[in-house]
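Right, one structure below, let's go through it.
The values are calculated or read from the model by the stated rules, or taken from the named source; none is laboratory data. Nothing here was measured: the structure is a model prediction, and the numbers come from that model. For neighbour counting, all protein chains shown are included, and Cβ atoms are generated from backbone atoms with ideal geometry for every residue, glycine included.
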Amino acid sequence: MLCPFCSHLEDKVVDSRETKDGDAIRRRRECLSCGRRFTSYERIDEVPYMAVKKDGKRELFERNKIMSGLLRASEKRPVSTSQLEKIVDEIERVVQDSTDRELATSEIGKLIMKRLKALDKVAYVRFASVYLEFEDVSEFMTELKDLVRARGGQQPRKAKKSKKV
């Protein structure tokens, strides 16, 4: 801390306590050069995590939005809430670790899709159909074919034909 009287950089803390409203810490300091005392206040500076949308607008990152999207995508699927919570936790960690405290929604979506693809293919396709904003059925079919190819070249199961008597 820089002494306001002599500009010396070294001091010692003589007394430390919370402010009345509890949003800061008041520290009484003594300069090791000139011996004069001064007070400093320390506050936590909350910079929110932001999601940058496709149009460039920024909005607060909300884990609830991700969770609700995952719940919709995995409705009636054998996917537990704890598995979805784990995905949301991982995405939140990535956003928090971002150097500039913001991440593009396109990157967030890719991270979610990667994890969903490994967890449940149907939930992945449901999520992708909303997230990727397919223009027409052919784009959607291309994504499905890529998914089938990724399963090891297995062909989708065909419905059994009933025998005519």
- Within the stretch 12-34, identify whether any single residue is surrounded by 12 or more Cβ atoms within 10 Å (Cβ to Cβ), more than 25 Å from LYS145 (Cα to Cα) and either touching a residue at least 60 places away in the same chain (Cβ under 8 Å) or within 15 Å of the chain's Cα centre (by Cα) (or both), and answer yes or no. no
- Query: Yes or no: ARG26 touching a Lys or Arg at 6+ places or on another chain (Cβ under 7 Å) and of a type in the set (Lys, Arg)?
  - Reply: yes
- Task: May I ask you to list the residues in the stretch 60-82 that are in contact (Cβ under 8 Å) with a residue 12 or more places away in the chain, more than 22 Å from LEU132 (Cβ to Cβ) and not aliphatic (A, V, I, L, M)?
- Result: PRO78
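Identify the residue in the stretch 50-104 that is among the β-branched types (Val, Ile, Thr) and under 16 Å from ARG126 (Cβ atoms) and, among all such residues, is surrounded by the fewest Cβ atoms within 10 Å (Cβ to Cβ). Working first, answer last.
Going residue by residue through the stretch 50-104, those that are among the β-branched types (Val, Ile, Thr) are 52, 66, 79, 81, 87-88, 91, 94-95, 99.
Checking which are under 16 Å from ARG126 (Cβ atoms) leaves us with 66, 79, 87.
On the way: ILE66: 21, VAL79: 19, ILE87: 21.
Within the stretch 50-104, the match that is surrounded by the fewest Cβ atoms within 10 Å (Cβ to Cβ) is VAL79.
For the subset of the stretch 35-49 comprising residues that are within 21 Å of ASP100 (Cα to Cα) and in contact with a Phe, Trp or Tyr (Cβ under 9 Å, 6 or more places away or on another chain), which member is surrounded by the fewest Cβ atoms within 10 Å (Cβ to Cβ)? Working first, answer last.
Looking only at the stretch 35-49, we keep the residues that are within 21 Å of ASP100 (Cα to Cα), and these are 43-49.
Next, only the ones that are in contact with a Phe, Trp or Tyr (Cβ under 9 Å, 6 or more places away or on another chain) stay: 48-49.
On the way: PRO48: 10, TYR49: 15.
Checked the stretch 35-49; the qualifying residue surrounded by the fewest Cβ atoms within 10 Å (Cβ to Cβ) is PRO48.
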- Can you tell me which of VAL95, VAL122 is more than 13 Å from the chain's Cα centre (by Cα), modelled with pLDDT of 80 or more and of a type in the set (A, V, I, L, M)? VAL122
